[in-house]
Amino acid sequence: MTGVAAIDLGAESGRVTHARFDGRRIEIDVVNRFANRTIDVAGRPRWDIEALWSDIRSGLLELGTRAEVASVGVDSWGVDYGLLRAGDGALAPGSRLPQVERAAAGGRRPRAGMHAADDPLRRTGRPGTGDRSPRPELSALGDRLSRAEITALGDRLTPAEMSALSDRLTRAEMSALGERLARGEMSALGERLTPAEMSVLGERLGRGEVLVEAPPTYRDPLRHTAFEAAMREWGPDLFYRATGAQVHEINGVYSLIHDVRVRPELLDRAERLLMIPDLFHHRLSGSLVTEYTAATTSGLFDIARGTWATALAERVGIPAHLFPEVVPAGTDVGPLLLDSPTAGLGRTRVTAPAAHDTASAIVAIPDLDSSTMFISSGTWSLAGVLLDRPVISAAAQRANLTNEGSYAGGVRVLRDIAGLWLLQECRRQWIAEGTEIGYAELAELAGREQPLRACVDVDSGEFLASGDMPARIRAACARNGMPVPETIGQVTRVVVDSLALAYRRTVRDIEAVTGTTIKAVAVVGGGVANRVLQQATASATGRPVTCWAAEGTALGNAAVQLASLGELAGPGEISRVVEASSPPTRYEPIDTAAWEEAAHRHDSR
């Protein structure tokens, strides 16, 4: 049985999961689940990368005590990024992320047929620019090997590779490496890594990369301000035509534009931009690449050409040297490099899955084609179809559809919809007011309420920021002349019905823009547990709804890793395995006339 660690980070919570493949199906066990809370830095909401890394690391170490882990990969929400600079052992002001820990651990050799020049680990190496003071990583490595073992390392390297290693380290560091280390680990390391990998390991030990600052979140008000300024100066056409991406204030490009205008010194200090999941791949392996599906969510990637939109970046003043190499989902980016790894992590590889969580989620929908609209249901609802090529047209732009990359080719033509964020914020407010209530109970209360009494536009900007969401929903209903929901059940019912009507509009718009006929809806993710929402979705869209795995993102993440390891042959076998791994639940449309009437009333407002 092959086991991999699929790490799935959402905007509200994250999880480290153990995915075990027995040759027929994949079983997902959650090792640890943790909150994803933002921190406030100078009045701006930022992702607490340090806390996430601590939870990821502890989950991996725990898993390593239970089982052998062949591979680990991270997926996360899209659009956000971090900026890295060459490390000097010190943290940038305001950054909570310590320097990457790179004590040596073993790893498998590259898969058969991979040449050293094609090895992803070698491709990520580059000269460092930090100072030459002794590194804490080197001291950690120096505590673990003997002089005889360093000789074994020399036997594994060519003179040129040894020169590259020694060039990265000071004399004191080489002395520590040669004189201190411990007890039989170097010979094991020499067996597990190729000479090319050892050479790049030497480069990484001497370099070190740290965050310039904690990454701002997509709910940062300054990103919204920069978006509005960009629309006034350049208009939406410039951004849409260059990328095919939905022109949306959450896109990372607008944070970079803010920094170009207000904090240019920040970009002067930065050397590399990595999307959120790639920041953690960097921490796990030292890699400095970004995965394709994640890159396509940045608002800076030309989906038609498959490259960074450098002409757009130049036009708005973003330095193109920040952009990393882009690699496809399933790329092995190197061996896991953790300090004090537990037993099951000794040969673990780091594999980039479909690193945008929605791209991983739809891998977990069997036999997905253009006749089925997928919904990845979480904090955001990403609803769309899988096509062979992007749709970049005036009609698609008017419909505010985006084009994002997918695993193994194809493009996700979709719309970002606010999703369960509204309900999450409502629940947060009710708890703050003293009412402890879970999502299952909220769904039960909504099911007792009369449907379609009132609805709101879930994608209105008034619902984007955190805060008193029930009050905003009531205000929107009152403003539009609808009955104002008073109870918790009534407010929840408004959210459910409003989401279902948003999905209905998306079905109609995708059909009109792409010319495809949508015959069914497939849902994956945490939202599948809300049976009231799924029934409303079937009734509102007039299509049967099939719900797949609640942990579909972790399942898709794991499936891509298993394919990279050679355990699955490709998309066809992945479909068969994920179908066997997640029994579906189906909903049929009912009372569609009432939903048609409600949609007409809503659209006419």
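Yes/no matrix, rows are residues, columns are (1) closer than 25 Å to Y439 by Cβ; (2) open to solvent by 10 Å² or more (accessible area, probe 1.4 Å); (3) not charged (D, E, K, R):
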{"site": "A550", "(1), (2), (3)": "yes, yes, yes"}
{"site": "A563", "(1), (2), (3)": "no, yes, yes"}
{"site": "E579", "(1), (2), (3)": "no, yes, no"}
{"site": "E597", "(1), (2), (3)": "no, yes, no"}
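Examine the range 571-589 for a residue that is over 18 Å from I417 (Cα atoms), aromatic (F, W, Y) and in contact with a helix residue (DSSP H, G or I) (Cβ under 6 Å, 6 or more places away or on another chain), and state whether such a residue exists.
yes
Of everything in the range 507-560, what is in contact with a Pro (Cβ under 6 Å, 6 or more places away or on another chain) and of a type in the set (A, V, I, L, M)? Give them in sequence order.
Scanning the range 507-560 gives A520, A538, V560.
Among the residues of the range 261-274, is any part of a loop (DSSP other than H, G, I, E, B), closer than 21 Å to W47 by Cα, touching a residue at least 12 places away in the same chain (Cβ under 8 Å) and out of contact with any Cys (no Cβ under 6 Å at 6 or more places or on another chain)?
In the first step, residues of the range 261-274 are kept if they are part of a loop (DSSP other than H, G, I, E, B); the result is 263, 270-271.
Checking which are closer than 21 Å to W47 by Cα leaves us with 263, 270-271.
Right, trim to touching a residue at least 12 places away in the same chain (Cβ under 8 Å) and you get 270-271.
Keeping just the survivors that are out of contact with any Cys (no Cβ under 6 Å at 6 or more places or on another chain) gives 270-271.
Yes: one or more hits.
Evaluate the following for R415: is it basic (K, R), part of a helix (DSSP H, G or I) and either in contact with a helix residue (DSSP H, G or I) (Cβ under 8 Å, 6 or more places away or on another chain) or on the phi > 0 side of the Ramachandran plot (or both)?
Numbers: basic (K, R): yes; part of a helix (DSSP H, G or I): no; either in contact with a helix residue (DSSP H, G or I) (Cβ under 8 Å, 6 or more places away or on another chain) or on the phi > 0 side of the Ramachandran plot (or both): yes.
So R415 fails the test.
Kindly list, by first and then second residue, each pair from a residue in the range 578-605 that is more than 22 Å from S460 (Cβ to Cβ) to a residue that is among the aromatic types (F, W, Y), limited to pairs with Cβ atoms under 8 Å and residues at least 6 apart or on different chains.
V578/W548; S582/W548; P584/W548
For the range 351-396, which residues satisfy the criterion of being hydroxyl-bearing (S, T, Y) and either out of contact with any Phe, Trp or Tyr (no Cβ under 9 Å at 6 or more places or on another chain) or more than 26 Å from R586 (Cα to Cα) (or both)?
Filtering the range 351-396 for residues hydroxyl-bearing (S, T, Y) gives 351, 358, 360, 370-372, 376-377, 379, 381, 393.
Scanning the range 351-396 gives T351, S370, S371, T372, S376, S377, S393.
Say we look at the range 502-524 and pick out the residues that are open to solvent by 40 Å² or more (accessible area, probe 1.4 Å) and touching a helix residue (DSSP H, G or I) at 6+ places or on another chain (Cβ under 8 Å); which of these is farthest from A599 (Cα to Cα)?
Going through the qualifying residues, I end up with T517.
Taking the range 565-577 as the search range and keeping residues that are open to solvent by 50 Å² or more (accessible area, probe 1.4 Å) and of a type outside the set (D, E, K, R), which one is nearest to A352 (Cα to Cα)?
For the range 565-577, the residue satisfying everything is G566.
Okay, residues lined up against (1) within 33 Å of the chain's Cα centre (by Cα); (2) within 16 Å of W421 (Cβ to Cβ):
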| position | (1), (2) |
| --- | --- |
| A454 | no, no |
| F463 | yes, yes |
| M469 | yes, yes |
| R472 | yes, yes |
| R493 | yes, no |
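Condition check: surrounded by fewer than 18 Cβ atoms within 10 Å (Cβ to Cβ), touching a residue at least 40 places away in the same chain (Cβ under 8 Å) and not small (G, A, S). Does R493 satisfy that? Show your work before the answer.
On the way: surrounded by fewer than 18 Cβ atoms within 10 Å (Cβ to Cβ): no; touching a residue at least 40 places away in the same chain (Cβ under 8 Å): yes; not small (G, A, S): yes.
No: the conditions fail for R493.
Are there strands (runs of 3 or more DSSP E) fully within the range 1-95 with at least 3 residues that are touching a residue at least 24 places away in the same chain (Cβ under 8 Å) and touching a Leu at 6+ places or on another chain (Cβ under 8 Å)? List them. Reasoning before the result, please.
Working: elements: 2-9, 13-21, 26-35, 38-41, 44-47, 71-75, 81-86.
The strands (runs of 3 or more DSSP E) meeting that bar are 2-9, 13-21, 26-35, 71-75, 81-86.
Between a first residue in the range 235-246 that is of a type in the set (V, I, T) and at pLDDT 95 or above and a second residue that is assigned to a loop (DSSP other than H, G, I, E, B) and crowded, with 16+ Cβ neighbours inside 10 Å, which pairs have beta carbons less than 6 Å apart while being 6 or more apart in sequence or on different chains?
Pairs found: T243/A309.
Just to verify a result, which residue in the range 373-406, among those that are open to solvent by less than 30 Å² (accessible area, probe 1.4 Å) and hydroxyl-bearing (S, T, Y), is farthest from the chain's Cα centre (by Cα)?
T402
Quick check on my filter: what residues within the range 9-57 are among the basic types (K, R) and open to solvent by 60 Å² or more (accessible area, probe 1.4 Å)?
First, the residues of the range 9-57 that are among the basic types (K, R): 15, 20, 24-25, 33, 37, 44, 46, 57.
Correct list: R20, R24, R25, R33, R37.
Go through the range 275-367 and tell me which helices (runs of 4 or more DSSP H), entirely inside it, have 2 or more residues that are open to solvent by 10 Å² or more (accessible area, probe 1.4 Å). Spell out how you get there, then give the answer.
On the way: elements: 276-285, 292-295, 310-316, 357-363.
Ranges flagged: 310-316, 357-363.
Taking only the range 435-450 into account, find how many residues are open to solvent by 60 Å² or more (accessible area, probe 1.4 Å) and not hydroxyl-bearing (S, T, Y).
Here the count works out to 6.
Going by the conditions given, is P544 open to solvent by 10 Å² or more (accessible area, probe 1.4 Å), farther than 24 Å from W77 by Cα and in contact with a helix residue (DSSP H, G or I) (Cβ under 7 Å, 6 or more places away or on another chain)?
Details: open to solvent by 10 Å² or more (accessible area, probe 1.4 Å): yes; farther than 24 Å from W77 by Cα: yes; in contact with a helix residue (DSSP H, G or I) (Cβ under 7 Å, 6 or more places away or on another chain): yes.
Answer is yes for this residue.
All but one of (1) in contact with a Ser or Thr (Cβ under 9 Å, 6 or more places away or on another chain); (2) at pLDDT 95 or above; (3) assigned to a loop (DSSP other than H, G, I, E, B) hold for R389; state the number of the condition that does not hold.
With (1) in contact with a Ser or Thr (Cβ under 9 Å, 6 or more places away or on another chain); (2) at pLDDT 95 or above; (3) assigned to a loop (DSSP other than H, G, I, E, B) applied to R389, the lone miss is (1).
State whether the residues of the range 242-257 include one that is open to solvent by 40 Å² or more (accessible area, probe 1.4 Å), in a helix (DSSP H, G or I) and under 20 Å from R415 (Cα atoms).
Scanning the range 242-257 turns up no residue that is open to solvent by 40 Å² or more (accessible area, probe 1.4 Å), in a helix (DSSP H, G or I) and under 20 Å from R415 (Cα atoms).
Please count how many residues of the range 471-483 are open to solvent by less than 50 Å² (accessible area, probe 1.4 Å) and outside any helix (DSSP H, G or I).
Number of matching residues: 1.
The values are calculated or read from the model by the stated rules, or taken from the named source; none is laboratory data. All of these numbers come straight from a predicted model, not from anything done at the bench. In this analysis, Cβ positions are derived from the backbone assuming ideal geometry, glycine residues included, and neighbour counts consider all displayed protein chains. The area values use the complete protein model at the heavy-atom level, side chains included, leaving out ligands, DNA and RNA. Shrake-Rupley method; radii C 1.70, N 1.55, O 1.52, S 1.80 Å.
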